Amino acid sequence: SHDPYLNPAITRDASGVWLKTRGPDLRSLTLAQLQTYDVGRINPDSPYAKALSTQQPVDGARVPTLAALFARVKVLGADKVRFNIETKINPTRPDDTVNAERMTRLLLNVIREAGMLQRVTIQSFDWRTLQIVQGFEPGVPTVYLSIQTANTDNIKDGLWTAGFKIADHGSVPKLVKAAGGTVWSPNGGAVTEALVKEAHALGIKVIPWTLNNPDDMQRLIDWGVNGLITDYPDRLRAVMQVRALPLPPPTPGKT
């Protein structure tokens, strides 16, 4: 789950009433209790709705388990689909979730049981989970997320980066390399062409997030990034099509 709690911007209770404030922490609910909440629509009065005004509602949608998601993809026969799974864990708020090792062990167990080890990457801003994945399943690609903005920085002091410190390495690509990473996923505003080249020279792929403007997509593709994370895959597909880049095949069945 993106949030460790039920987000009122996207959550209605069993009576169809929007949550007025932050809902309960997910870890405090049983799965049956969680399934009573509808997360298929954005509250039209929320800032979130204005930012993502074209999102299509699916009333009656429930928060799925990861196992249920894997099962759904198998039913669809979507054998080419890969999963980029993020561990949402915050070292400054340890009570919000289970600890890093338990979360990572549970996640890997579900992936193994579904036979999906060859089809996942695991990403995180909390690099502790990535270190644990590398220890238990070194064949699973890990993606080192970073954010460096005026208000948020998970790189500055080693708290989010499993003790690896930027002061000891000089740049984020070198920091990722020191942590044993092969994929770096920075926020789009923090990546430069020089950093992309540096990362590639270190054998590290670069997949920035979250790029929604086609002009920005074009610019980063020109820089040689290895992928892009976006809220609008249709826009990215259009950019790729114009550039004659290979597109993934359509998924069979209905979503």
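The values are calculated or read from the model by the stated rules, or taken from the named source; none is laboratory data. These figures come from a predicted structure and were not determined experimentally. Heads up, the Cβs are rebuilt from the backbone with ideal geometry, glycines too, and the neighbour counts pull from every protein chain shown. SASA here: full protein model, heavy atoms, side chains in, ligands and nucleic acids out. Shrake-Rupley method; radii C 1.70, N 1.55, O 1.52, S 1.80 Å.
So the values come out like this:
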| quantity | calculated |
| --- | --- |
| Qualifying residue in the stretch 114-123 (condition: open to solvent by less than 50 Å² (accessible area, probe 1.4 Å), out of contact with any Ser or Thr (no Cβ under 7 Å at 6 or more places or on another chain), part of a helix (DSSP H, G or I) and free of Cβ contacts under 8 Å to residues at least 24 places away in the same chain) | yes |
| Tally of residues being free of Cβ contacts under 8 Å to residues at least 60 places away in the same chain and open to solvent by 40 Å² or more (accessible area, probe 1.4 Å) across the stretch 138-161 | 11 |
| Filtered residues of the stretch 92-113 (kept if outside any helix (DSSP H, G or I) and either open to solvent by 50 Å² or more (accessible area, probe 1.4 Å) or free of Cβ contacts under 8 Å to residues at least 40 places away in the same chain (or both)) | 92, 93, 94, 95, 99 |
| Residue 173 vs. criteria modelled with pLDDT of 95 or more, over 18 Å from the mean Cα position of the chain (by Cα) and open to solvent by less than 50 Å² (accessible area, probe 1.4 Å) | yes |
| Residue, most open to solvent (accessible area, probe 1.4 Å), within the stretch 176-189, restricted to residues that are in a helix (DSSP H, G or I) and in contact (Cβ under 8 Å) with a residue 24 or more places away in the chain | 177 |
| So residue 89, is it outside any helix (DSSP H, G or I), of a type outside the set (D, E, K, R) and surrounded by 20 or more Cβ atoms within 10 Å (Cβ to Cβ) | yes |
| Close pairs (6 angstrom Cβ cut-off, 6 or more residues apart or separate chains): of a type in the set (A, V, I, L, M) in the stretch 26-50, part of a helix (DSSP H, G or I) and surrounded by 15 or more Cβ atoms within 10 Å (Cβ to Cβ) anywhere | 42/48; 42/49 |
| Given (1) crowded, with 17+ Cβ neighbours inside 10 Å; (2) modelled with pLDDT under 95, number of the condition residue 78 does not satisfy | (1) |
| Test: residue in the stretch 30-48 that is modelled with pLDDT under 95 and crowded, with 16+ Cβ neighbours inside 10 Å | yes |
| Some residue of the stretch 198-216 being touching a residue at least 60 places away in the same chain (Cβ under 8 Å) and among the aromatic types (Phe, Trp, Tyr) | yes |
